[in-house]
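Below is one structure, written out as structure tokens, with a few remarks after it.
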Amino acid sequence: MIVKESRIRTKSGAGALSRHVLHGAKNEAIRVLAGSDWLMRDHMREARREGLTYGLRHIAFNPDDAMTDDQLSDFACRLCEELHADPEHLTLVVHQKDGSTHGHLILPEWQCNHVLESRFTWMRLEKVARLEELRLGHALVPGRHDRTIAKALRREGHHQAAEQVTALIPVSDSAKPRAAYTSQARRITERQGLDLPTMKQQVSALWSQSDGLKSFRAALAEHGLTMREGDRKETRPGAHIIEDSDGTLIGSFTRLTKLRMAEFRKLLAEEQSAEDEKSKLDIRSTRVPVRITSENDQTGIFCVPDASPAPNRSPKRIRLPRRNKAIDALRRRQMEDVDRPAVVPHIPPKPLYPLILSAEEARHRHRIRLAIQAQQAILDQRAPEAGWAPLKREEMLTKWRKALTPYHKQLRSSFARYHRAKKEWKQADESRWQRMTGRAGKLEKVCQQLLLKFLEVLRFVVQALLHIVGLRSTPPEPVRSILTEQDRPALEEFRKQYDAEFSAMADPEKLEPWLQHRFDRLVQARTDRIRQWDKAHQAEKERARQEIARLRSKLSIPEGLRNTIDIAKPKPAMGPSP
């Protein structure tokens, strides 16, 4: 789910936002779930009266998978909770476009007695989106702040969600996702009659089908687009932009094609060096040297000249491809001194690479390489947990012990109060006078009430233990201050169900083995999940391996070209027979 936030200035008013949200012409359907145009304008008037720079907060969220109106409304309420906004004053509109739905949430910046929070809102909104995706079972969408979101989730107690978000973090910062264009740029192009998302997809498709910058420029020209160097040469050297025939900016090349700037600069340098080399080369110097022995014999390519002496004329020098200085010197002496023929050892020529291929064959080989890369990506896939950092036993156990320390103290304090009350009750019950005055009965009621509180604290501590070690997804429910005898059966049942955990928390000597056993189980569970993932994808990887072998065989030199190379091999010069 993609969540974007923008703040509307007070001096701009709510008219443009209202027209876009409530009267968008490109939407198939518009459903107003809460709020109205009048409410947005009233919020803007309040912000103007309070002297605020911004009057409205516009949050647009677009889920990858379908969501019902109720689910979109619940997600909007969770966004309000994150920003501490009053959900009674929100405007929620659902747009339906191309069969899918997305929501627009408009919140007032002035919240009756305070201004809406604006610190780290992009990260916080992405965090709420990741939690919503996990709650609904949708695929997680990677964002630019996944590392910060994972830390915040761990701090709030969502350890499993934090681990899944951590798996989305790329290896390098350069691989972080980024938007190809801003919402403002999209609105500008829409007013000019251009569909920016469609043109972005078109540019990406043209780049994926091209085998270099030259072919990409030609493909752009066929579609009425051009690529040139950007205007900010001093601050962003090498940056190129793409425009249409009217000079309207479509976007940056690297953003539209998702190509790293370093790789693009490397392609530009190669293109420039190729152009410089081409301008310096002479056409005659690029021809292959050929020795023709007769009018009908034109097969002497790369052949050694005849060593037999020719009367009344100097030996003809032939330009040979450079192989080795020693061999060249030997051949030169042989051609200069024809009276002393020598046997020149056969030096096989290097293959005539790079091969000169047709444009169609070059594009075909490029497509084969792309297919090999796609299959190699399948082979490189690993289970999400395989890329996680290995669990360190001592570090993990120390962390668990530190987190359990306050709960352990709370449990001991509650048990000490119950034990002291029980001891006083037993002593009073042994006294006949205190039984007659009713003091023993009062102490018994106090003891039973403290027992219920102890069981409630026990429930709280055991749930905290399960949450800390990862056996419970949510934090423990708070301790209830008022308990009755009706709560006793549920508490007793909870104690029987988690007797092992209770024993571990009650006795420090038993807690350490329990934590050790839990850590071993955690490591084993992760190993089993990785093994199951590998087993489930084994057949797919085997098919990818066979497909790579089949595609690589297609990249081999064609048989006809191989025969041509064999014909072109020079034959060894034969010296005179002894």
**Request:** Identify all residues within the range 134-149 that are touching a Pro at 6+ places or on another chain (Cβ under 8 Å) and crowded, with 18+ Cβ neighbours inside 10 Å; write none if there are none.
**Result:** Gly143
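Among Lys445, Lys409, Lys423, which is the only one that is farther than 26 Å from Arg521 by Cβ and within 48 Å of the chain's Cα centre (by Cα)?
Details: Lys445 fails: within 48 Å of the chain's Cα centre (by Cα); Lys423 fails: within 48 Å of the chain's Cα centre (by Cα).
Being farther than 26 Å from Arg521 by Cβ and within 48 Å of the chain's Cα centre (by Cα) holds for just one of Lys445, Lys409, Lys423, which is Lys409.
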**Message:** Need a quick list: helices (runs of 4 or more DSSP H) entirely within the range 458-553 having at least 3 residues that are closer than 28 Å to Pro406 by Cα and touching a residue at least 60 places away in the same chain (Cβ under 8 Å).
**Reply:** 508-536
**Message:** Can you report the number of residues in the range 399-442 which are within 16 Å of Gly470 (Cβ to Cβ) and either surrounded by 11 or more Cβ atoms within 10 Å (Cβ to Cβ) or of a type in the set (A, V, I, L, M) (or both)?
**Reply:** 6
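Quickly run through the range 62-110 and pick out the residues that are part of a strand (DSSP E or B), under 28 Å from the mean Cα position of the chain (by Cα) and polar (S, T, N, Q). Lay out the reasoning, then the answer.
The first filter runs over the range 62-110 and keeps only residues part of a strand (DSSP E or B), leaving 62, 91-97, 100-108, 110.
Filter once more, keeping what is under 28 Å from the mean Cα position of the chain (by Cα): 62, 94-97, 100-105.
Listed by number, the residues that qualify are Asn62, Gln96, Ser100, Thr101.
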**Prompt:** If you check Thr248 against the conditions, is it within 17 Å of Leu220 (Cα to Cα), at pLDDT 65 or above, open to solvent by less than 80 Å² (accessible area, probe 1.4 Å) and out of contact with any strand residue (DSSP E or B) (no Cβ under 9 Å at 6 or more places or on another chain)?
**Reply:** yes
**Item:** Residues (among the hydrophobic types (A, V, I, L, M, F, W, C) and under 31 Å from the mean Cα position of the chain (by Cα)) located in the range 1-41
**Value:** Met1, Ile2, Val3, Ile8, Val21
**Item:** Residue list for the range 489-537, restricted to those being touching an Asp or Glu at 6+ places or on another chain (Cβ under 9 Å) and of a type in the set (A, V, I, L, M, F, W, C)
**Value:** Leu491, Ala504, Trp514, Ile530, Trp533
**Request:** Would you check if there is a residue in the range 51-61 being open to solvent by 40 Å² or more (accessible area, probe 1.4 Å) and assigned to a helix (DSSP H, G or I)?
**Result:** no
**Asked** Any residue in the range 21-44 that is of a type in the set (Val, Ile, Thr) and more than 30 Å from Leu134 (Cα to Cα)?
**Response** no
**Message:** For the range 1-50, give me each residue that is within 16 Å of Glu109 (Cα to Cα) and either in a strand (DSSP E or B) or basic (Lys, Arg) (or both).
**Reply:** Glu5, Ser6, Arg7, Ile8, Arg9, Lys11, Arg41, Arg45, Arg48, Arg49
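Would you check if Ala47 is open to solvent by less than 10 Å² (accessible area, probe 1.4 Å) and either within 25 Å of Glu126 (Cα to Cα) or not aromatic (Phe, Trp, Tyr) (or both)? First the steps, then the outcome.
On the way: open to solvent by less than 10 Å² (accessible area, probe 1.4 Å): yes; either within 25 Å of Glu126 (Cα to Cα) or not aromatic (Phe, Trp, Tyr) (or both): yes.
For Ala47, the condition - open to solvent by less than 10 Å² (accessible area, probe 1.4 Å) and either within 25 Å of Glu126 (Cα to Cα) or not aromatic (Phe, Trp, Tyr) (or both) - is met.
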**Residue in the range 482-498 that is within 41 Å of the chain's Cα centre (by Cα), farther than 23 Å from Leu391 by Cα, open to solvent by 40 Å² or more (accessible area, probe 1.4 Å) and not aliphatic (A, V, I, L, M) present** = yes
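The values are calculated or read from the model by the stated rules, or taken from the named source; none is laboratory data. Quick caveat, the model's predicted, so the values are computed rather than measured. Neighbour counts are summed over all protein chains in view; Cβ atoms, including those assigned to glycine, are modelled from backbone coordinates with ideal geometry. Each accessible area value is taken on the protein alone, full model and side chains, heavy atoms only, with ligands, DNA and RNA left out. Shrake-Rupley method; radii C 1.70, N 1.55, O 1.52, S 1.80 Å.
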